[in-house]
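The values are calculated or read from the model by the stated rules, or taken from the named source; none is laboratory data. Since the structure is predicted, the reported quantities are computational estimates derived from the model, not experimental observations. In this analysis, Cβ positions are derived from the backbone assuming ideal geometry, glycine residues included, and neighbour counts consider all displayed protein chains. These accessible areas exclude ligands, DNA and RNA; they are computed on the full protein's heavy atoms, side chains included. Shrake-Rupley method; radii C 1.70, N 1.55, O 1.52, S 1.80 Å.
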Amino acid sequence: MSFCAECGGAMVCQKKTSEWRGKRYTSRYYRCSSTQNDGDRKCTQNGINAEKLEKTIYDDLLEEFIKMKEGKYVIDNEIEVRSHKERVEKLNKEREQLKKKRV
C-alpha cells in the first residue's frame, strides 16, 4: 500500500479509458483517496502514473532486499552502535572532568 506524500491518505489505483483516432487506450494511475470523498477535493495531490509508481516501489524493495542479503544492515547498525558508544564515552569523560572542576 502506498500513501499520499501531501496528506497521508491511502493511494488508490484507478483506470481511465480514452479513444483517439478510433483506437482505445487504457491508462492506470494512483490518486489520493481523500480526493474521492463525496466529490470534495480534500487533497490537491495529482494522479501518479501507475507503472512508474509500481516500478519505483519494486526497485526500492529490491534494493532493500539486496542490502539485507549482503548483510549491509548489520554492518550499518554495528557502525551506528559503535559511533554511539564512542559518543557516550566522550560525554562521560567530559562529565567526569566537569565534576573534578567543581570539587
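Within the chain, the ratio Rg/Rh, alpha carbon atoms throughout and Rh by Kirkwood, equals 1.36.
Rounded to the nearest 10 degrees, the angle from helix 72-102 to the longest Cα principal axis of the chain is 40 degrees. Computed about the Cα centre, the dipole magnitude for the chain is approximately 380 debye when only Lys and Arg (+1) and Asp and Glu (-1) carry charge, each at its Cβ. Summary: within the chain, the longest segment free of trypsin sites (Lys or Arg not before Pro) located in DSSP loops with at most 15 other C-beta atoms within 10 Å is 43-103.
Per residue, how large is the accessible surface of the chain? Use a 1.4 angstrom probe and give square angstrom. Intermediate values should be presented prior to the final figure.
Working: 9150 Å² over 103 residues.
Heavy-atom accessible area per residue stands at 89 Å².
Here the chain has 52 percent of its accessible surface on carbon and sulfur atoms, given a 1.4 Å probe and all protein chains in place. For Ala50, the shell of other residues with beta-carbons less than 9 Å away shows a net charge of +1, using +1 for Lys and Arg and -1 for Asp and Glu. For Lys93, the lysines whose Cα falls under 30 Å of its own Cα, not counting residues fewer than eight places away in the same chain, are Lys85, Lys101.
The long axis of helix 50-70 is offset from the longest Cα principal axis of the chain by roughly 30 degrees.
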